[in-house]
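To start, the structure itself, in C-alpha coordinates.
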Amino acid sequence: MENEIITAQYEKYKEQFDQILDKIKHYDKIAIFRHIMPDFDALGSQFGLYNFLKENFPNKEFKVLGDNHVTFTPNGLFPETNKLNDSWFNDDFLGIIVDVGDEKRIADPRFKRAKELVKLDHHPITDTNFTIDVTDTSLAAAAELVTSFICYLENKYNYKLTKEAAHYLYIAIVGDSGRFLFGSTSRHTFEIASYLLSKGINIVPIYEKMYEKGISDLEFQKFILNNYKISKAGTAYYVLKDSDLKELGLSSEQGKEHVNLFSAIKGVNIWCSITEDTTEPCFRISLRSRYFDVSKIARKYKGGGHLSASGAQIDSLDDLDKFIQDCDETILNSK
Ligand code: AMP
(Lines give C-alpha, C1' and ligand atoms only; values in the text may rest on other atoms or scores of the structure.)
Protein backbone atom coordinates (compact mmCIF):
# COMPACT_ATOMS: atom_id res chain seq x y z
CA MET A 1 0.00 0.00 0.00
CA GLU A 2 1.49 3.32 -1.06
CA ASN A 3 0.53 6.17 1.20
CA GLU A 4 2.02 9.65 0.97
CA ILE A 5 2.34 10.21 4.72
CA ILE A 6 3.74 6.78 5.50
CA THR A 7 6.15 6.96 2.56
CA ALA A 8 7.44 10.42 3.55
CA GLN A 9 8.16 9.10 7.04
CA TYR A 10 10.03 5.94 6.03
CA GLU A 11 12.00 7.74 3.32
CA LYS A 12 13.96 9.33 6.21
CA TYR A 13 15.10 5.93 7.41
CA LYS A 14 15.32 3.85 4.23
CA GLU A 15 19.11 3.53 4.34
CA GLN A 16 18.99 2.22 7.91
CA PHE A 17 15.99 0.05 7.09
CA ASP A 18 17.96 -1.51 4.22
CA GLN A 19 20.90 -2.11 6.54
CA ILE A 20 18.59 -3.79 9.06
CA LEU A 21 17.19 -6.00 6.31
CA ASP A 22 20.75 -7.02 5.36
CA LYS A 23 21.46 -7.95 8.98
CA ILE A 24 18.26 -10.00 9.19
CA LYS A 25 19.25 -11.83 5.99
CA HIS A 26 22.75 -12.43 7.32
CA TYR A 27 21.91 -14.10 10.65
CA ASP A 28 20.26 -17.48 11.17
CA LYS A 29 19.35 -16.72 14.77
CA ILE A 30 17.63 -13.52 15.83
CA ALA A 31 16.39 -12.54 19.29
CA ILE A 32 13.94 -9.70 19.89
CA PHE A 33 14.20 -7.80 23.18
CA ARG A 34 12.21 -4.97 24.86
CA HIS A 35 11.99 -3.20 28.18
CA ILE A 36 11.34 -4.53 31.67
CA MET A 37 7.85 -4.12 33.11
CA PRO A 38 6.47 -4.29 29.57
CA ASP A 39 3.45 -2.37 28.36
CA PHE A 40 1.23 -2.74 25.28
CA ASP A 41 3.79 -1.05 23.05
CA ALA A 42 6.79 -3.08 24.24
CA LEU A 43 4.97 -6.40 23.82
CA GLY A 44 3.02 -5.43 20.71
CA SER A 45 6.15 -4.20 18.91
CA GLN A 46 8.00 -7.32 19.93
CA PHE A 47 5.36 -9.87 18.94
CA GLY A 48 4.37 -7.89 15.82
CA LEU A 49 7.93 -7.86 14.55
CA TYR A 50 8.40 -11.50 15.55
CA ASN A 51 5.34 -12.64 13.58
CA PHE A 52 6.29 -10.62 10.54
CA LEU A 53 9.85 -12.01 10.53
CA LYS A 54 8.82 -15.58 11.21
CA GLU A 55 6.38 -15.58 8.27
CA ASN A 56 8.73 -13.87 5.84
CA PHE A 57 11.95 -15.68 6.77
CA PRO A 58 10.69 -19.20 7.54
CA ASN A 59 14.15 -20.78 7.55
CA LYS A 60 15.52 -18.63 10.35
CA GLU A 61 15.12 -18.98 14.09
CA PHE A 62 13.45 -16.06 15.90
CA LYS A 63 13.00 -15.73 19.66
CA VAL A 64 11.05 -13.33 21.88
CA LEU A 65 12.86 -12.52 25.11
CA GLY A 66 11.79 -11.04 28.44
CA ASP A 67 9.42 -11.94 31.24
CA ASN A 68 5.74 -12.60 30.67
CA HIS A 69 3.27 -9.90 31.66
CA VAL A 70 1.32 -10.48 34.83
CA THR A 71 -2.04 -9.65 33.16
CA PHE A 72 -1.55 -9.61 29.39
CA THR A 73 -0.09 -13.10 29.11
CA PRO A 74 -2.72 -14.91 31.25
CA ASN A 75 -5.61 -13.07 29.55
CA GLY A 76 -4.32 -14.13 26.13
CA LEU A 77 -3.52 -10.68 24.78
CA PHE A 78 0.06 -11.80 24.14
CA PRO A 79 1.59 -15.29 23.95
CA GLU A 80 4.29 -16.53 26.31
CA THR A 81 7.82 -15.38 25.62
CA ASN A 82 10.60 -17.92 24.93
CA LYS A 83 12.48 -19.38 27.86
CA LEU A 84 16.01 -20.05 26.62
CA ASN A 85 19.00 -21.74 28.18
CA ASP A 86 22.24 -19.81 28.16
CA SER A 87 23.61 -22.20 25.54
CA TRP A 88 21.25 -20.70 22.89
CA PHE A 89 23.30 -17.51 23.10
CA ASN A 90 26.64 -19.24 22.35
CA ASP A 91 26.13 -19.06 18.57
CA ASP A 92 26.27 -15.79 16.65
CA PHE A 93 22.91 -14.07 16.75
CA LEU A 94 21.41 -10.69 15.89
CA GLY A 95 19.69 -8.80 18.71
CA ILE A 96 16.81 -6.51 17.80
CA ILE A 97 15.75 -4.17 20.59
CA VAL A 98 12.36 -2.48 20.42
CA ASP A 99 10.87 0.28 22.59
CA VAL A 100 13.91 0.83 24.84
CA GLY A 101 17.35 2.36 24.53
CA ASP A 102 18.90 2.26 27.97
CA GLU A 103 20.80 -0.83 28.88
CA LYS A 104 19.55 -1.28 32.43
CA ARG A 105 15.95 -1.45 31.22
CA ILE A 106 16.39 -4.12 28.55
CA ALA A 107 14.47 -7.11 29.87
CA ASP A 108 17.07 -9.85 29.38
CA PRO A 109 20.75 -8.98 29.96
CA ARG A 110 21.80 -11.62 27.45
CA PHE A 111 21.23 -9.05 24.69
CA LYS A 112 24.86 -8.17 25.46
CA ARG A 113 25.91 -11.48 23.89
CA ALA A 114 24.48 -10.54 20.48
CA LYS A 115 27.07 -10.28 17.73
CA GLU A 116 25.32 -7.14 16.49
CA LEU A 117 22.47 -5.04 17.87
CA VAL A 118 19.73 -3.18 16.04
CA LYS A 119 17.32 -0.77 17.71
CA LEU A 120 13.87 0.52 16.72
CA ASP A 121 12.59 2.94 19.33
CA HIS A 122 10.86 6.20 20.19
CA HIS A 123 12.52 6.93 23.55
CA PRO A 124 15.11 9.70 23.71
CA ILE A 125 17.67 7.69 25.69
CA THR A 126 20.38 5.57 24.07
CA ASP A 127 23.25 4.42 26.24
CA THR A 128 24.16 1.22 24.44
CA ASN A 129 26.19 0.93 21.26
CA PHE A 130 23.90 -0.28 18.54
CA THR A 131 25.14 -1.33 15.12
CA ILE A 132 22.05 0.33 13.64
CA ASP A 133 19.98 2.69 15.75
CA VAL A 134 16.69 4.06 14.43
CA THR A 135 15.06 6.28 17.03
CA ASP A 136 12.19 8.65 16.29
CA THR A 137 10.96 10.45 19.40
CA SER A 138 8.15 12.12 17.46
CA LEU A 139 6.23 8.85 17.18
CA ALA A 140 3.44 7.91 19.59
CA ALA A 141 4.61 4.29 19.80
CA ALA A 142 7.67 2.23 18.99
CA ALA A 143 5.26 0.08 16.99
CA GLU A 144 4.66 3.02 14.68
CA LEU A 145 8.32 2.76 13.69
CA VAL A 146 8.27 -1.03 13.51
CA THR A 147 5.22 -0.81 11.23
CA SER A 148 6.89 1.87 9.15
CA PHE A 149 9.88 -0.49 8.69
CA ILE A 150 7.59 -3.35 7.70
CA CYS A 151 5.56 -1.17 5.32
CA TYR A 152 8.82 -0.10 3.65
CA LEU A 153 9.84 -3.75 3.20
CA GLU A 154 6.40 -4.60 1.85
CA ASN A 155 6.33 -1.73 -0.66
CA LYS A 156 9.91 -2.05 -1.81
CA TYR A 157 10.63 -5.77 -1.63
CA ASN A 158 7.20 -7.36 -1.49
CA TYR A 159 7.54 -8.87 1.98
CA LYS A 160 4.11 -9.35 3.55
CA LEU A 161 2.69 -7.98 6.78
CA THR A 162 0.53 -10.77 8.15
CA LYS A 163 -2.80 -10.28 9.88
CA GLU A 164 -1.36 -11.67 13.12
CA ALA A 165 1.57 -9.25 13.10
CA ALA A 166 -0.81 -6.37 12.32
CA HIS A 167 -2.97 -7.43 15.28
CA TYR A 168 -0.07 -7.07 17.76
CA LEU A 169 1.21 -3.84 16.24
CA TYR A 170 -2.26 -2.33 16.45
CA ILE A 171 -2.49 -3.17 20.17
CA ALA A 172 0.87 -1.46 20.67
CA ILE A 173 -0.18 1.74 18.90
CA VAL A 174 -3.54 1.98 20.64
CA GLY A 175 -1.79 1.42 23.98
CA ASP A 176 0.97 3.98 23.69
CA SER A 177 -1.17 6.66 22.07
CA GLY A 178 -3.77 6.27 24.85
CA ARG A 179 -6.36 5.19 22.26
CA PHE A 180 -5.27 8.01 19.90
CA LEU A 181 -5.79 10.56 22.66
CA PHE A 182 -2.28 11.72 23.61
CA GLY A 183 -0.58 14.70 21.99
CA SER A 184 1.91 12.38 20.33
CA THR A 185 -0.88 11.07 18.08
CA SER A 186 -0.34 12.37 14.55
CA ARG A 187 -1.60 11.91 11.00
CA HIS A 188 1.14 9.30 10.66
CA THR A 189 -0.25 7.41 13.67
CA PHE A 190 -3.68 7.28 12.04
CA GLU A 191 -2.32 6.32 8.63
CA ILE A 192 -0.26 3.52 10.17
CA ALA A 193 -3.31 2.34 12.13
CA SER A 194 -5.32 2.38 8.90
CA TYR A 195 -2.60 0.35 7.15
CA LEU A 196 -2.81 -2.23 9.96
CA LEU A 197 -6.61 -2.33 9.67
CA SER A 198 -6.23 -2.99 5.94
CA LYS A 199 -4.76 -6.40 6.90
CA GLY A 200 -8.17 -7.50 8.17
CA ILE A 201 -7.69 -7.31 11.93
CA ASN A 202 -10.76 -7.30 14.15
CA ILE A 203 -10.57 -4.43 16.62
CA VAL A 204 -13.55 -5.32 18.82
CA PRO A 205 -11.93 -8.34 20.57
CA ILE A 206 -8.69 -6.35 20.79
CA TYR A 207 -10.35 -3.55 22.76
CA GLU A 208 -12.27 -6.05 24.89
CA LYS A 209 -9.06 -7.74 26.00
CA MET A 210 -7.06 -4.54 26.37
CA TYR A 211 -9.57 -2.69 28.50
CA GLU A 212 -11.61 -5.36 30.22
CA LYS A 213 -11.68 -4.75 34.00
CA GLY A 214 -12.66 -6.90 36.95
CA ILE A 215 -14.15 -6.21 40.36
CA SER A 216 -10.59 -6.08 41.70
CA ASP A 217 -10.04 -3.02 39.50
CA LEU A 218 -13.04 -1.35 41.08
CA GLU A 219 -11.54 -2.05 44.51
CA PHE A 220 -8.23 -0.67 43.30
CA GLN A 221 -9.91 2.50 42.04
CA LYS A 222 -11.83 2.80 45.30
CA PHE A 223 -8.50 2.67 47.15
CA ILE A 224 -7.10 5.43 44.94
CA LEU A 225 -10.16 7.64 45.35
CA ASN A 226 -10.04 7.20 49.12
CA ASN A 227 -6.30 7.79 49.46
CA TYR A 228 -5.06 10.09 46.72
CA LYS A 229 -3.37 13.39 47.58
CA ILE A 230 -3.16 16.57 45.61
CA SER A 231 -0.70 19.41 46.19
CA LYS A 232 -1.51 23.11 45.86
CA ALA A 233 0.25 23.32 42.49
CA GLY A 234 -1.77 20.40 41.18
CA THR A 235 0.38 17.30 41.56
CA ALA A 236 -1.97 14.39 42.22
CA TYR A 237 -0.65 11.04 43.40
CA TYR A 238 -1.40 7.82 45.19
CA VAL A 239 0.97 5.63 47.17
CA LEU A 240 0.70 1.85 47.22
CA LYS A 241 2.79 0.26 49.92
CA ASP A 242 3.54 -3.44 49.75
CA SER A 243 0.84 -4.06 52.38
CA ASP A 244 -1.71 -2.21 50.19
CA LEU A 245 -0.71 -4.26 47.15
CA LYS A 246 -1.18 -7.46 49.14
CA GLU A 247 -4.56 -6.36 50.43
CA LEU A 248 -5.71 -5.44 46.91
CA GLY A 249 -4.22 -8.60 45.41
CA LEU A 250 -1.96 -6.65 43.06
CA SER A 251 1.60 -7.10 41.92
CA SER A 252 3.95 -4.14 42.05
CA GLU A 253 3.88 -4.03 38.26
CA GLN A 254 0.13 -3.33 38.34
CA GLY A 255 0.42 -0.35 40.67
CA LYS A 256 0.52 2.17 37.82
CA GLU A 257 -2.49 0.74 35.99
CA HIS A 258 -4.92 3.43 37.13
CA VAL A 259 -2.60 6.42 37.16
CA ASN A 260 -4.69 7.98 34.39
CA LEU A 261 -7.71 8.29 36.68
CA PHE A 262 -6.43 11.85 37.11
CA SER A 263 -5.81 12.59 33.46
CA ALA A 264 -8.95 14.58 32.72
CA ILE A 265 -9.28 16.34 36.06
CA LYS A 266 -9.15 20.12 35.81
CA GLY A 267 -6.56 21.46 38.24
CA VAL A 268 -4.40 18.35 38.08
CA ASN A 269 -1.22 19.26 36.21
CA ILE A 270 1.03 16.31 36.95
CA TRP A 271 -0.17 12.96 38.19
CA CYS A 272 1.69 9.92 39.46
CA SER A 273 1.44 6.50 41.01
CA ILE A 274 4.03 5.56 43.62
CA THR A 275 4.30 1.82 44.14
CA GLU A 276 6.52 -0.14 46.47
CA ASP A 277 8.74 -2.76 44.86
CA THR A 278 10.23 -4.92 47.57
CA THR A 279 12.51 -6.73 45.13
CA GLU A 280 14.67 -3.68 44.41
CA PRO A 281 13.71 -2.39 47.12
CA CYS A 282 12.31 1.01 46.10
CA PHE A 283 9.13 2.90 45.25
CA ARG A 284 8.49 2.98 41.47
CA ILE A 285 6.92 6.13 40.13
CA SER A 286 4.86 6.53 36.97
CA LEU A 287 4.66 10.20 36.05
CA ARG A 288 2.18 11.71 33.63
CA SER A 289 1.26 15.21 32.43
CA ARG A 290 -0.42 16.93 29.54
CA TYR A 291 1.58 20.17 29.44
CA PHE A 292 4.67 19.78 31.62
CA ASP A 293 7.90 17.99 30.83
CA VAL A 294 7.96 15.16 33.39
CA SER A 295 10.98 13.44 31.83
CA LYS A 296 13.26 16.03 33.44
CA ILE A 297 11.88 15.22 36.87
CA ALA A 298 12.16 11.49 36.13
CA ARG A 299 15.83 11.82 35.19
CA LYS A 300 16.49 13.41 38.60
CA TYR A 301 15.02 10.29 40.22
CA LYS A 302 16.85 7.44 38.47
CA GLY A 303 14.41 7.39 35.57
CA GLY A 304 13.50 8.83 32.21
CA GLY A 305 10.97 8.53 29.44
CA HIS A 306 8.87 10.89 27.36
CA LEU A 307 7.84 14.49 27.95
CA SER A 308 4.37 13.51 29.11
CA ALA A 309 4.90 9.92 30.36
CA SER A 310 7.96 8.89 32.33
CA GLY A 311 9.09 6.45 34.99
CA ALA A 312 11.27 7.09 38.03
CA GLN A 313 11.99 5.74 41.50
CA ILE A 314 12.74 6.81 45.05
CA ASP A 315 14.51 4.67 47.63
CA SER A 316 11.92 5.24 50.35
CA LEU A 317 8.94 7.39 51.26
CA ASP A 318 11.35 9.72 53.07
CA ASP A 319 12.05 11.17 49.61
CA LEU A 320 8.38 11.59 48.68
CA ASP A 321 7.96 15.21 49.86
CA LYS A 322 11.05 16.27 47.94
CA PHE A 323 9.80 14.49 44.84
CA ILE A 324 6.35 16.13 45.01
CA GLN A 325 8.04 19.48 45.59
CA ASP A 326 10.04 18.95 42.38
CA CYS A 327 6.82 18.24 40.51
CA ASP A 328 5.26 21.38 41.96
CA GLU A 329 8.28 23.48 41.02
CA THR A 330 8.12 22.19 37.46
CA ILE A 331 4.49 23.34 37.32
CA LEU A 332 5.06 26.72 38.99
CA ASN A 333 8.23 27.54 37.03
CA SER A 334 6.60 26.78 33.69
CA LYS A 335 3.51 28.89 34.28
P1 AMP B 1 5.83 3.81 33.06
O2 AMP B 1 5.40 4.84 34.00
O3 AMP B 1 6.69 2.76 33.67
O4 AMP B 1 4.70 3.29 32.25
O5 AMP B 1 6.80 4.53 32.01
C6 AMP B 1 6.36 5.60 31.18
C7 AMP B 1 7.29 5.74 30.01
O8 AMP B 1 8.59 6.06 30.47
C9 AMP B 1 7.43 4.46 29.20
O10 AMP B 1 7.58 4.81 27.84
C11 AMP B 1 8.69 3.86 29.72
O12 AMP B 1 9.30 3.07 28.75
C13 AMP B 1 9.52 5.08 30.09
N14 AMP B 1 10.38 4.82 31.26
C15 AMP B 1 9.99 4.32 32.44
N16 AMP B 1 11.02 4.22 33.30
C17 AMP B 1 12.11 4.67 32.64
C18 AMP B 1 13.50 4.80 32.95
N19 AMP B 1 13.98 4.47 34.14
N20 AMP B 1 14.31 5.29 32.01
C21 AMP B 1 13.85 5.62 30.79
N22 AMP B 1 12.56 5.53 30.42
C23 AMP B 1 11.69 5.07 31.32
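The values are calculated or read from the model by the stated rules, or taken from the named source; none is laboratory data. As the structure is a prediction and not an experimental result, all values here were calculated from the model. Cβ: placed from backbone, ideal geometry, glycine included. Neighbour counts: every protein chain shown. Heavy atoms of the whole protein, side chains included, go into the accessibility calculation; ligands, DNA and RNA do not. Shrake-Rupley method; radii C 1.70, N 1.55, O 1.52, S 1.80 Å.
Structural remarks
- Within the stretch 4-209, percent of DSSP bridges classed antiparallel, to nearest 5: 5 percent
- Cβ charges +1 (Lys, Arg) and -1 (Asp, Glu), total dipole of the stretch 86-148, debye: 140 debye
- With the charge dipole of the stretch 234-335 set up from +1 on Lys and Arg Cβ and -1 on Asp and Glu Cβ about the Cα centre, the Cα lying farthest toward the positive end among the listed residues T275, I324, S243 is that of I324.
- The 3J(HN,Hα) values that the Karplus relation (6.51, -1.76, 1.60; θ = phi - 60°) gives for the stretch 46-55 are, in residue order, 5, 6, x, 5, 4, 5, 4, 5, 4, 6 Hz. Gly and Pro appear as x.
- Cα pair distances in the chain, grouped into 10 Å bins until the bin that holds the longest one, percent each: 5, 26, 34, 24, 10, 1, 0
- Helix axis angle, 14-26 relative to the chain longest principal axis, alpha carbon, degrees: 70 degrees
- Cα centroid of the stretch 121-158 to Cα centroid of the stretch 239-293, whole Å: 29 Å
- With both residues required to sit in the stretch 186-283, DSSP beta bridges show an antiparallel share near 40%.
- Accessible area of the stretch 4-209 belonging to carbon and sulfur atoms, whole % at 1.4 Å probe: 47 percent
- Residues whose amide H lies under 5 Å from that of F93, counting only those 5 or more places away or on a different chain, are K115, E116; hydrogens are built 1.01 Å from N in the peptide plane.
- Using the Karplus relation 6.51 cos²θ - 1.76 cosθ + 1.60 with θ = phi - 60°, the per-residue 3J(HN,Hα) values for the stretch 195-207 come to 4, 5, 4, 5, 8, x, 6, 10, 7, 4, x, 5, 5 Hz, with x marking Gly and Pro.
- Estimated Rh, the stretch 218-334: Kirkwood, alpha-carbon pairs, angstrom: 13.9 Å
- Taking every protein chain into account, the accessible area of the chain amounts to 46 square angstrom per residue (probe 1.4 Å).
- Computed from phi, the 3J(HN,Hα) profile of the stretch 286-297 under the Karplus parametrisation 6.51, -1.76, 1.60 (θ = phi - 60°) reads 10, 10, 9, 7, 8, 10, 10, 6, 7, 5, 5, 5 Hz, with x in place of Gly and Pro.
- Neighbour cut-off at most 14 other Cβ (10 Å), DSSP loop, chymotrypsin sites (Phe, Trp or Tyr not before Pro), the stretch 136-206: F180
- Spatial extent of the stretch 97-196: Rg and Dmax, with the Cα atoms as the point set, Å: 14.0, 39
- Dipole moment magnitude, nearest 20 debye, the chain about Cα centre, only Lys, Arg, Asp, Glu C-beta charged: 400 debye
- The stretch 65-88 and the stretch 178-212 have their alpha-carbon centroids 23 Å apart.
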